[in-house]
């Protein structure tokens with residue numbers, strides 16, 4: 001799996017817990033984060049490069065795009081090019097949001113790139129149609145949230161002031177369920193909950209993405225049972241490995257103590273298209 005940085009560790013944690021027999025390679029593209037403000041074609045190129053590395057350098061049998069911006073930018077392209085399953089965080093999150101809202105008034109927050117792509121609007125519409133429900137969706141971009149998480153600053157007055165300003169449209173829409181459309185945002189759950197209030201159910205796509213991976217791999221007969229052996233977990237960073245190791249260990253746990261540098265092989269290292 002891969003993400004622009006640390007947010008996908010929420011998905012990694014869920015996957016490790018749910019599929020303990022699976023080997024996991026996690027690439028955090030911290031050398032080029034954040035993805036949110038970047039043009040979607042540029043992000044699509046990053047996603048393609050990392051996906052090629054996971055397949056060609058690490059023999060991945062499936063890929064989880066644990067980054068909402070990368071999924072919004074390049075999911076279709078990845079699925080068209082790769083011959084292995086590509087699992088995203090958008091569709092599972094959208095389905096969970098439709099289930100979670102009782103009033104039909106729901107919200108989603110994400111990076112500028114994710115929100116502007118319309119990926120969640122389309123995914124929620126599709127999930128609502130399948131469920132036979134009418135959903136009024138309010139979207140809000142939250143620039144700055146990712147940067148706070150990447151610095152390890154998940155509480156405090158600065159974060160609260162920013163959250164109050166960015167979440168004002170969500171509060172004004174009187175939603176009763178809010179989807180974290182970025183895998184970094186669960187690290188800010190306490191602040192976000194304080195701003196939107198106790199009447200709003202917070203929905204994280206991390207667990208649902210892990211369940212989606214379990215179902216898909218199970219259907220394809222690709223699940224490795226933990227009775228065979230416990231899975232091995234490797235965490236790679238394209239940026240400062242020491243910083244990745246330090247913050248990642250605080251966010252996920254001791255698995256990050258052995259973090260390594262990501263060095264793509266010759267084929268995957270070619271310039272992103």
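Observations, loosely collected:
- Residue check for residue 24: within 13 Å of the chain's Cα centre (by Cα), over 18 Å from residue 138 (Cα atoms) and surrounded by fewer than 23 Cβ atoms within 10 Å (Cβ to Cβ): no
Residues are listed down the side, and each one gets a yes or a no for (1) surrounded by fewer than 24 Cβ atoms within 10 Å (Cβ to Cβ); (2) more than 17 Å from the chain's Cα centre (by Cα); (3) modelled with pLDDT of 95 or more; (4) in the same structural domain as residue 131 (by TED's automatic domain parsing):
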| position | (1), (2), (3), (4) |
| --- | --- |
| 72 | no, no, no, no |
| 80 | yes, yes, yes, no |
| 84 | yes, yes, yes, no |
| 99 | yes, yes, yes, yes |
| 102 | yes, yes, yes, yes |
| 105 | yes, yes, yes, yes |
| 108 | no, no, yes, yes |
| 111 | no, no, no, yes |
| 114 | no, no, no, yes |
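- The residues of region 220-234 that are at pLDDT 85 or above and either out of contact with any helix residue (DSSP H, G or I) (no Cβ under 6 Å at 6 or more places or on another chain) or closer than 11 Å to residue 30 by Cβ (or both), listed by number, are 220, 221, 222, 224, 230, 231, 232, 234.
- Residues in region 145-165 that are surrounded by 15 or more Cβ atoms within 10 Å (Cβ to Cβ) and under 20 Å from the mean Cα position of the chain (by Cα): 145, 146, 147, 148, 149, 150, 154, 163.
- In the set (1) touching a residue at least 40 places away in the same chain (Cβ under 8 Å); (2) in a helix (DSSP H, G or I); (3) surrounded by fewer than 24 Cβ atoms within 10 Å (Cβ to Cβ); (4) in contact with a helix residue (DSSP H, G or I) (Cβ under 9 Å, 6 or more places away or on another chain), the condition left unmet by residue 61 is number (2).
The values are calculated or read from the model by the stated rules, or taken from the named source; none is laboratory data. Please read these numbers as outputs of a predicted model, since none were measured by experiment. Cβ sites come from the backbone with ideal geometry, for glycine too, and all protein chains shown count toward neighbours.
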